[in-house]
Amino acid sequence: MGSVVYVSGTFDLFHRNHLKMIEYGAGLGDTLIVGVSTDELVCSYKNPPTIPFEERIAIISALKYPDVVIPQRSLEHTQRVEDLNIDIFVIGDDWRGKYDYLRDLGVKVFYFPYGAGVSSTNLKNKIYNQYSDLVKKSDSHDHPKPKS
C-alpha cells in the first residue's frame, strides 16, 4: 500500500492558497485524505466560519485532488493518524509547531507556507473594510432639506 497524506483545514472562503496546499498534499503521496473542520470545531478556537461546514466540505469534495474528504472534529490527531494509517500530515504554516508531536508517531509533518498572499482572514477584513467605506460614503453625503 502507498503512502497516505492527510491535509487539514477549515477552508473558509475557499481561495488559491487552499488549492495550492491541497495540490501540494496530493503530490506527496498516493492517497489524499482532506479533513475539513466542522463549524463546532472552528468555534472552539476562533470566530465561526463565514461559509457553513456543509458548503465547505461540498467544495473540497468537488476538487479533483482528494481521494477522500472527511469531517474533522478535533485538533488532536493521534487517533486519526492511527485509524487511517496516515504517513504525511499537511497543514497551513499558521499552525507551525502545533503538530510536531505527530513526528513521534512516525508521521512526516509539513507546514504549508501561505506567505503574505491570500487568506480567509484577509478576505474577510477586505470585505468588511469595503462595506464600512461604502456605508460611510452613503451616510456622509448631504441630505436634501424638506420643503417647509
Subset tally (residues that are modelled with pLDDT under 95, touching a Gly at 6+ places or on another chain (Cβ under 9 Å) and of a type in the set (Ser, Thr, Tyr)) for segment 11-56: 0
Residue match in segment 56-67 (condition: out of contact with any strand residue (DSSP E or B) (no Cβ under 8 Å at 6 or more places or on another chain), surrounded by fewer than 16 Cβ atoms within 10 Å (Cβ to Cβ), farther than 18 Å from residue 112 by Cα and not aliphatic (A, V, I, L, M)): yes
Scan of segment 23-54 for residues that are crowded, with 21+ Cβ neighbours inside 10 Å and within 12 Å of residue 66 (Cβ to Cβ), ordered by number: 25, 32, 34, 35, 36
Residue match in segment 8-15 (condition: in contact with a His (Cβ under 7 Å, 6 or more places away or on another chain) and over 17 Å from residue 105 (Cβ atoms)): yes
Segment 1-55: number of residues that are part of a strand (DSSP E or B), touching a residue at least 60 places away in the same chain (Cβ under 8 Å) and farther than 13 Å from residue 92 by Cβ: 3
Members of segment 91-113 that are at pLDDT below 95, over 17 Å from residue 27 (Cβ atoms) and not in a helix (DSSP H, G or I): 96
Test set (1) modelled with pLDDT under 95; (2) part of a helix (DSSP H, G or I) - residue 83 fails condition number: (1)
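The values are calculated or read from the model by the stated rules, or taken from the named source; none is laboratory data. Note that this is a predicted model, so its numbers are computed, not measured. Here the Cβ is made from the backbone with ideal geometry for all residues, glycine too, and neighbour counts use every protein chain on show.
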